[in-house]
Each structure stands twice: as C-alpha cells, then as structure tokens.
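Visitor: One structure coming up, written as structure tokens, with questions to follow.
The values are calculated or read from the model by the stated rules, or taken from the named source; none is laboratory data. It should be emphasised that the depicted structure is a prediction, and the values quoted were computed from it without experimental measurement. Cβ: placed from backbone, ideal geometry, glycine included. Neighbour counts: every protein chain shown. Note: accessible area is taken over every heavy atom of the protein model, side chains too, but ligands, DNA and RNA are not part of it. Shrake-Rupley method; radii C 1.70, N 1.55, O 1.52, S 1.80 Å.
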Amino acid sequence: MNTYEHSVSLDVSACTGCTTCLKHCPTEAIRIREGHAVINPNRCIDCGVCIRNCPHNAKKATYSKLDQVLRKKKWKIALPAPTLYGQFENLDDIDYVLQGLLDIGFDDVVEVSQAAEFVSAYTRNYLKADGIAKPVISSACPVILRLISLRYPTLQGHIMQLLPPMEIAAKMALEKTAKNHPELKREDICICFISPCPAKVSYVRNGFGDYKSEVDEVVSVSDVYFALLNVMRRGDQAPDPLSRSGMIGISWATSGGEASAIFNDKYLAADGIENVNRVLDQLDNGNISSLEFIELNACPGGCVGGAMAVENPFVAKARLQNLRRYLPVSQNFLDDENKEYIPGSYLFESLPTYLPIQRLSSNFAESLRMMSDIQKVRSGLPGIDCGACGAPNCRAFAEDVIRGRADASECVVKRKQQLEKQLGEGTETNHDGS
Amino acid sequence: MSEAVVTLHFSVDGEDFTSAGQASVQVKKSLRQLGISPEIIRKVSIAMYEGEINMVIHAGGGEADVLIYEDHIEIRLDDHGPGIANIEMAMQEGWSTAPDNIRSLGFGAGMGLPNMKRYTDEMKINSVLGEGTHIVMKVNL
C-alpha cells in the first residue's frame, strides 16, 4: 500500500509549520508534526492544492529536470499538453511553440491535443456501446481516478476505461517512430510529457490498475516555458507547419472542453476539488440522473489550473480561446472502418482496488468502539477547528487521539480554558475573602 | 436489546431546501469509517435521504438519529409536521402530496416512503394528524 509514489514533496527547511496546507487539503492527508507538515501517503491524491496554497513555497512538485531529459536518450519526443500553448502572451500560432520544442533539443513532437481529438472520437463510440454504466466518468484527470479509488467504491464502474490523451499520444509517438525510424529500439527513445500537473507524474510512475504508462519522463510546463522563451523570440522566420490540433483538442486544457466534444447535451463538467467532491457525493447518492458523461477536473479551470503551469488559469484560458479561434473543429478523424470501434490497446482492463483509507479498523466491533470513543473525545474539544494541534479540525484530532497518533493534551485551546477556569476560581476566592 | 454503540444525530433544517440531503452524506461518511459494505451503506443512505427529503418537503424539518448496533442499523426520523392522513395510500408508489414547486425540482414522484421500505429490512410508521410523524427503519448488518 505504501508503494505508491507521490509527486508532492516538502522542503522541510522552508516549512514554518503554519496551518495553511492543513486547512486546504481535501483528503485531510496533512498533519503538522514537530513544527512542519507531514503528508500521509495513503491519503494523498496528488491534487496539488497544498503546492498552490503554500505561502512559503515549501510544498513542491517533483518532476524530471528538462536539461537532464534532453541529454538522456538518442531520440527524444516531446508530448506538450495543450495548457503549454496558453502560457505565452501574443502567441498567434501553435507552430511557434512546436518549432521551439525542436529548437531546444527534442527530436520530434506529438501534440497531446491531437491525441485528445482521437480520444473524443473514441469516447463518442464508447458512449454508444452496450453495457456501459452511465453516466460515464472521464478517465483523464489522474487525481479524480485516485479520489474515486479511495473514497467512492460504488462509482469505480463508471470510470471510462479508455486511456487518457497523454497515453494515446505516447502510443502515437511510438508508432510514428517505428515507421519513420525503424532502426531505433524502445530503449533509445524517451517519451517526455510536458505537464501542468503533478498528478500526471504520479500516474506515470505508478500506472493505473495493471496499466503501465508508456511515458518515460515528465517535465513541467513552467520549465519548458522558460526554455522556450529564449528560442521563440529569436528571428521572425515562419515556423514549419507542425500542429495537427483543432478546437476540440485545444479545448481539453480547460474545464468543459472534453465534455462538450461528446456532441451531446447530457453532460456535466465540474472543476476544483471541492466542487468535484460535491458532484461525486451527489452521484453516489443516486441524485444525478439522465447524464451520459461527467468530466471532472481537480484543478480550478481545468488543466490550465495545474500547479506546474506558470500563467493564471483564467488568463491562459482566454489565450487558448484566442488561439483556437481560426482552427478547424477537429483535425483528427477515425477512418471509415474505425467509425464504430475502439482499438483494444487504447483501453485499460483493470481498475485499481478500493483502498478504504477512512476505515477505523478491519474489525467492525472494534471500529464501532473507536467511533464511540472519537465522539466522546470530540465532545470535550472546543470545536473551533483552529489547527494548532496539528490536525485540520477537532474531529480529525479526536480521531488521531483514538488511533494513537496524537495526545489529547495537545489541544491548546482546552488547556487555556482549563487555565482560565483555575485562575477564575482563584480570583473568586479572593473576592469572597475581601 | 443492547444499547447502540454509536449514535449519529442530525437536525434537519426545514427552512433551507438547498441543504436537504446533507445528513445522508454525513451518515455515509461515518459508515465508511466503520468498514460497512457498500451495499449496506447504499441502503442506509438512500433510506436516510428519502426520509430527510420528506421531512423538509412535508414537515418543515425534524430530527434524525442513526443508531449503529453490532448487528443492525436503526434510523429514527421524528417531525412535528401535519402527519400522514392515510399511511396505506402514502406507501403506494407514485402517490404524493408534494406541492408543484417541489415537483418542478424533480421531487414529489411519490417514491419516498416506498423506497424507504424497499431499502430497509423493517419499517414502522407512527403518525398522528396535526402532531407529527415518527418513523423507525432497520437495516440488518
């Protein structure tokens, strides 16, 4: 269970032990211990909320360094996420970015937005297939996949078992290389995803269920952005016409882009982890009916809101709207024979096993006793959820106490109340005496 | 009978329709912590949800208690609403006295009480006109 590799790490020297991340973490995975934050790896879903909110930049995403990746293998293929295009001011043609990627040292480029257009086409086929549990939940956001496997066991069967655009782009890159450069072996090739998202790093490292990612390295949109700034400003020579993306592919970078491409009004798109949780709760209760498709993005605004992007997500979104204005709706189509079909290699078979992280004990009677004890501890706490004990709220603290991870005496508010009471009693006796 | 090991208490606010269904979400979270199977959780949370919605629509709110025993879960719903005139009739699918504004939100399909019965192993309704309704439901573990 502890073998899951996360992509969020802590710079202990920068962490002041403040309660900001504690308060924002949607899965209550963080505690403050010995003056700094500690992340519980079993609960962390790599959403990046703590990275985005840390006032001291102590929370960091871990990813491969661009210059190291560029030195590594014989044939390096960049897979830019469409979010990358939204980072640049006054960009009017995606080809400048793609040409720039070749100029900084990549040997080839396969756009993730291009793969996304195939995923959209296959999704329309997927929704028509028999025996699919509706609404179908998008498999594109890795945070959502992990959240469902930790918290919503009954919704696992709704996850679309079609690989996300990043993986399809990786497969396309391998096919393209096999065709154009048959002399290259797999170990000569480095497939490098340019990511706005720390959770994609985790997805690549850990795979999903039994599926192992075809991506070899993940670098950040921000590192690539700064590297590209140097080369893209040089000269005014027109770049090669490399881009094969349409409106649909570019729109995948923002919330609602994927869902609107199913060409069907029966969809819902939610972004931001709190909103996502509300939708999943309601879906779990069976209160969302007659929907075909649900797109959920952990980041506000969609992938443009990722913690490894540079630009404000709303500015990036506005730029992408501008960039896609004169693009065709799509530039990637299924051939006639593939119209009703999804290649087997584009599907994943198994879903990860449900990890009941909230469970108090594997024994029901023991769990009941613990919950009863938690209620007792909780009722004696001040209930102001200050976080000074290192837990995000009084209920979580009570649970920590019963699980043996905290001591009830650590509640400073309670200690202060007890102290005041003792002092108060002291002054009263003085008054009586005088 | 032995005493409930854990009791979860909820005040169901009759004034705020937008918050209806919140108690059901809380119950589900607690049941997950106890490691209760998803099928049982589903039964309890649907019964709880329907009961909660009923109290909001018809009774101006009320009190809900979920008592967890080692071998079963009991849901108690108490309100001081108008009471149910004809329980037999109310138990029929499709029968509802919900007002139009509520129906326009997709509620009032007349499936509340029938669903509560369907998803629980035992259900008792005690209702007095003008005084209120008390419902006890049991789901065996």
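Visitor: Roughly what % antiparallel, to the nearest 5, for the DSSP beta bridges in chain A?
Guide: Values: 9 of 29 bridges.
Expressed as a percentage, antiparallel bridges in chain A total about 30.
Visitor: Here's a follow-up. If one takes the accessible area of chain B alone plus chain A alone and subtracts that of the pair, with a 1.4 Å probe, what total in Å², rounded to the nearest 100, results?
Guide: 1900 Å²
Visitor: Listed here are the pairs A:134/B:28; A:171/A:200; A:128/A:212; A:128/A:317; A:200/A:339; A:59/B:29; which of them are more than 19 Å apart at the Cα? Don't skip to the answer; put the middle values down first.
Guide: Working: A:134/B:28 22 Å; A:171/A:200 16 Å; A:128/A:212 27 Å; A:128/A:317 31 Å; A:200/A:339 30 Å; A:59/B:29 29 Å.
Over 19 Å Cα-Cα: A:134/B:28; A:128/A:212; A:128/A:317; A:200/A:339; A:59/B:29.
Visitor: For segment A:353-395, state which residues have at least 30 Å² less accessible area in the presence of all protein chains than in their chain by itself, taking the probe as 1.4 Å and leaving out ligands, DNA and RNA.
Guide: SASA drop of 30 Å² or more in segment A:353-395: A:358, A:359, A:364, A:368, A:371, A:375.
Visitor: Rounded to the nearest 10 degrees, what's the angle between the helix B:38-59 long axis and the longest principal axis of chain B, both from Cα atoms, 0 to 90?
Guide: For helix B:38-59, the angle is close to 30 degrees.
Visitor: Here is a follow-up. Along the positive direction of the dipole of the protein assembly as shown (beta-carbon charges: Lys, Arg +1; Asp, Glu -1; about the Cα centre), which of A:344, A:422, A:371 reaches farthest?
Guide: My answer, from the dipole projection, is A:344.
Visitor: Take the solvent-accessible surface of the protein heavy atoms, probe 1.4 Å, and return the percent of it on chain B that carbon and sulfur atoms account for.
Guide: The nonpolar share, carbon plus sulfur, comes to 48 percent.
Visitor: With loop defined by DSSP as not H, G, I, E or B, and exposure as at most 15 other Cβ atoms within 10 Å, which is the longest segment of chain A clear of exposed GluC sites (Glu not before Pro)?
Guide: A:184-339
Visitor: Need the per-residue list for segment A:152-183: every residue with at least 20 Å² less accessible surface in the complex of protein chains than in the chain by itself, probe 1.4 Å, sorted by number.
Guide: A:153, A:154
Visitor: Still on this structure, please answer the following. Would you mind checking which residues have amide H under 5 Å from residue A:207's amide H? H placed 1.01 Å from N; only 5 or more apart, or other chain.
Guide: A:213
Visitor: Computing the accessible area with a 1.4 Å probe over protein heavy atoms, can you report the carbon and sulfur percentage for segment A:66-346?
Guide: Working: 5320 of 11500 Å².
C and S atoms contribute 46 percent here.
Visitor: Need the list of lysines near residue A:416 for cross-linking: C-alpha distance under 24 angstrom, and skip anything on the same chain fewer than eight residues off.
Guide: Of all the lysines, those that pass the test against residue A:416 - Cα under 24 Å, at least 8 places apart if same chain - are A:23, A:376.
Visitor: Residues of chain A: accessible area per residue at 1.4 Å, in Å²?
Guide: Value for chain A: 46 Å² per residue.
Visitor: For segment B:14-140, what are Rg and Dmax over the alpha carbons, in angstrom?
Guide: Over segment B:14-140's Cα set, Rg and Dmax evaluate to 14.0, 42 Å.
Visitor: From Cα pairs below 8 angstrom and at least 6 apart in sequence, can you work out the relative contact order of segment A:360-434, rounded to a whole percent?
Guide: 22 percent
Visitor: Where does helix A:165-180 land angle-wise versus the long Cα axis of chain A, in degrees 0 to 90, nearest 10?
Guide: Approximately 30 degrees, to the nearest 10.
Visitor: About the Cα centre of chain A, what is the dipole size in debye to 20, counting +1 per Lys and Arg Cβ and -1 per Asp and Glu Cβ, all else neutral? Present the calculation step by step, with values, prior to reporting the outcome.
Guide: On the way: 47 positive and 53 negative charges, 157 e Å.
So the dipole magnitude of chain A works out to roughly 760 debye.
Visitor: Further question: Over the heavy atoms of residue A:416, what accessible area does a 1.4 Å probe trace out, to the nearest 10 Å²?
Guide: Surface accessible to solvent at residue A:416 totals approximately 120 Å².
Visitor: Could I ask something else about it? If the cut-off is 18 Å between C-alpha atoms, which lysines fall inside it for residue B:124, apart from same-chain ones fewer than 8 positions away?
Guide: The qualifying lysines are B:43, B:138.
Visitor: Relative contact order for segment A:66-346 using alpha-carbon pairs under 8 Å, separation at least 6, rounded to a whole percent?
Guide: 30 percent.
Visitor: Of A:336, A:284, A:216, which has the largest mean-square fluctuation in a 10 Å C-alpha GNM of chain A?
Guide: In this elastic network of chain A, the residue with the biggest mean-square fluctuation among A:336, A:284, A:216 is A:336.
Visitor: Using θ = phi - 60° and the Karplus relation 6.51 cos²θ - 1.76 cosθ + 1.60, list the HN-Hα couplings for segment A:396-405 in order, rounded to whole Hz, with x at every Gly or Pro.
Guide: 5, 5, 4, 5, 4, 4, 5, 7, x, 9
Visitor: What residues in segment A:246-289 lose 20 Å² or more of accessible surface when the other protein chains are added to their chain alone (1.4 Å probe)?
Guide: A:281, A:284, A:285, A:287
Visitor: Next question, about the same structure. Using the charge dipole of chain A (Lys, Arg: +1 at Cβ; Asp, Glu: -1 at Cβ; taken about the Cα centre), state which of A:309, A:137, A:397 has its Cα farthest towards the positive end.
Guide: Farthest towards the positive pole: A:397.
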